[in-house]
Every structure is written in C-alpha cells, then in structure tokens.
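The values are calculated or read from the model by the stated rules, or taken from the named source; none is laboratory data. The shown structure was predicted, so the numbers you read here are calculated from the model rather than taken from an experiment. Cβ placement follows ideal geometry from the backbone for every residue including glycine, while neighbour counts extend to all protein chains displayed.
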Amino acid sequence: MIDDRATDPVAYLDQVAASAPGQGFKQRVLRLMELSPGHTVVDIGCGPGTDLGAMAAAVAPGGTVVGVDRDPMMVEVARSRLAGTAGVRVRHGDAHALPLADGIADRARTDRVLQHVDDPARALAEVRRMLRPGGRALLAEPDWDGLLIDSAEPELSRRLTRFIATEIVRNATVGRSLAGLCAGVGLAVRSVETHTPVLRDFGTADRLLGLRRNVRRAVRAGHLDGGAEEWIEAVAARPFLATFMMFLVTAEVA
C-alpha cells in the first residue's frame with residue numbers, strides 16, 4: 001500500500017536535518033560560510049529555524065542572525081523555537097523582495113530554497129543587494145536530473161527521475177546554474193562543490209525523497225503505469241541504493 005498522506009512540512013524538514021546526510025551537509029555549509037563574532041547573517045528560507053541557533057552561536061558575541069521565510073507557519077514555529085536565543089530575529093518575507101535594507105549583511109544563505117522560487121535570478125539579485133562589500137553568500141541546491149535509484153528496471157527509475165525533475169520541482173536543475181546566476185547579478189564566485197549523499201536504507205530515502213508518494217503522483221499523471229506501485233515495493237524489498245547531486249556555491253561581493 002503506497003502512503004498518499006500529505007507530508008507535514010515541519011516534520012519533513014526536521015527529518016532531513018536529523019538524517020546522517022543532512023547533518024554532514026549542514027556542517028560543511030557552516031564551515032564554508034566562515035562565520036565570525038559580530039557578523040550579521042541572513043538565512044533566506046529559514047523554515048522552522050533549524051539552523052538559526054548554530055549560526056547565532058558562531059557569530060556570538062555581538063552578532064545577529066535574521067531568519068526570513070514566506071510561510072507564516074514556518075515563521076511562527078521558528079520564533080517559538082528560538083524564543084530567548086540571543087541575537088536571533090525571524091521575519092516574514094519573500095526571497096524576491098527581502099524585508100531588509102541594502103548592505104546590511106556580512107553573510108547570506110539559501111539552502112534548497114531557489115529550487116522552489118518563481119525567479120532564482122531575482123532572488124539572487126536580492127542577496128546581492130543586501131550584502132555588504134566583501135560579504136559572502138552560500139547557496140546550496142540539488143540537481144534532480146541527477147537522482148539515481150538502483151533497480152532491476154532502470155527505465156522505471158529514469159522515468160521517475162524525469163517526472164520529479166519536470167513535474168514536481170519548479171527549478172529542478174538550478175544547482176548546475178548557480179555559478180552562472182551569481183555572475184549574472186554581480187556576485188563573484190569563489191568556489192563550487194558537488195556532494196552526492198548515498199542512501200542505502202529505503203525507509204530513509206522514502207522519507208527524504210518521497211519515493212512512494214511521487215510514484216503515486218506519477219501514476220496519476222500518466223507518467224508511469226499502475227505497475228509502478230509494485231515496482232517501488234520491489235525496490236524497497238531488495239538491497240537499496242539511491243543518490244543525487246547537490247551543488248554548493250560560495251560567492252562574494254567584490
């Protein structure tokens with residue numbers, strides 16, 4: 001039986017953050033940000049505030065961390081979780097029109113946010129506007145064309161990947177475009193990394209990638225036939241492996 005329940009977005013983000021791939025990735029992000037005491041940091045698309053506390057600790061004493069999210073529920077949860085944490089503020093706002101002054105920030109981060117926005121270039125222009133001279137942006141995005149699922153029927157794996165990349169995620173290949181988008185808004189790219197987390201437990205992959213849920217969506221949309229539901233259960237029953245590509249880009253205001 002394929003689970004067709006809607007995902008709780010807060011619970012989902014908490015699961016991603018708590019997973020082994022999520023933990024390692026977030027540590028790398030923090031290192032690349034090179035946070036120092038006194039910095040002002042803006043986390044664009046902060047969600048339920050998962051990383052605001054760690055950033056606040058890194059910029060203390062004297063630093064400020066501002067979380068911005070367009071979802072009022074996420075803002076409420078983040079404010080509740082970070083209540084009493086020194087140096088943290090959470091604001092409601094859109095990545096395309098950040099509610100912050102020009103040149104206010106030393107550091108800015110977007111983590112798996114640009115894949116969902118209407119206009120990634122416009123959002124990056126806002127990052128550029130908000131950063132001080134010498135300020136750094138850390139941008140982390142997947143490229144869903146690179147989703148690979150080991151299967152006895154690789155064509156079905158390819159069709160599921162194509163469905164996710166064309167029908168589920170708005171900007172599914174933004175990861176590979178980050179460096180070019182940065183250059184287009186006047187940000188100087190300092191580094192580009194790729195990370196390929198390997199998932200060997202189907203349950204974890206299903207929670208993080210929504211495999212069963214997206215198979216059901218693909219069947220409903222006519223991208224996969226009804227046998228795909230049996231196929232994903234066969235994938236779950238055998239030794240499992242899946243991977244995908246993440247791009248990490250650091251860029252600065254010259």
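Tabulated results
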| read-out | value |
| --- | --- |
| Residue identified as at pLDDT below 95 and at negative phi among Arg212, Arg200, Arg217, Arg207 | Arg207 |
| Residue within the stretch 94-116 that is surrounded by fewer than 20 Cβ atoms within 10 Å (Cβ to Cβ), in contact (Cβ under 8 Å) with a residue 24 or more places away in the chain, out of contact with any helix residue (DSSP H, G or I) (no Cβ under 9 Å at 6 or more places or on another chain) and not in a strand (DSSP E or B) present | yes |
| Pairs where the first residue, in the stretch 61-88, is in contact (Cβ under 8 Å) with a residue 24 or more places away in the chain and the second is among the polar types (S, T, N, Q) and in a strand (DSSP E or B), C-beta under 6 Å, 6+ apart | Thr64/Thr40; Gly87/Thr64 |
| Any chance Ser157 is within 17 Å of the chain's Cα centre (by Cα) and outside any loop (DSSP other than H, G, I, E, B) | no |
| Residue check for Arg159: in contact with a strand residue (DSSP E or B) (Cβ under 8 Å, 6 or more places away or on another chain) and in contact (Cβ under 8 Å) with a residue 12 or more places away in the chain | no |
| Single match in Thr243, Thr250, Thr196 (criterion: crowded, with 18+ Cβ neighbours inside 10 Å, among the hydroxyl-bearing types (Ser, Thr, Tyr) and either touching a Leu at 6+ places or on another chain (Cβ under 8 Å) or in contact (Cβ under 8 Å) with a residue 24 or more places away in the chain (or both)) | Thr250 |
| Whichever residue in the stretch 167-225 is among the aliphatic types (A, V, I, L, M), in a loop (DSSP other than H, G, I, E, B) and in contact with a helix residue (DSSP H, G or I) (Cβ under 7 Å, 6 or more places away or on another chain) and, among such residues, is nearest to Pro21 (Cα to Cα) | Ala172 |
| The stretch 203-232: number of residues that are charged (D, E, K, R) and more than 19 Å from Leu148 (Cβ to Cβ) | 6 |
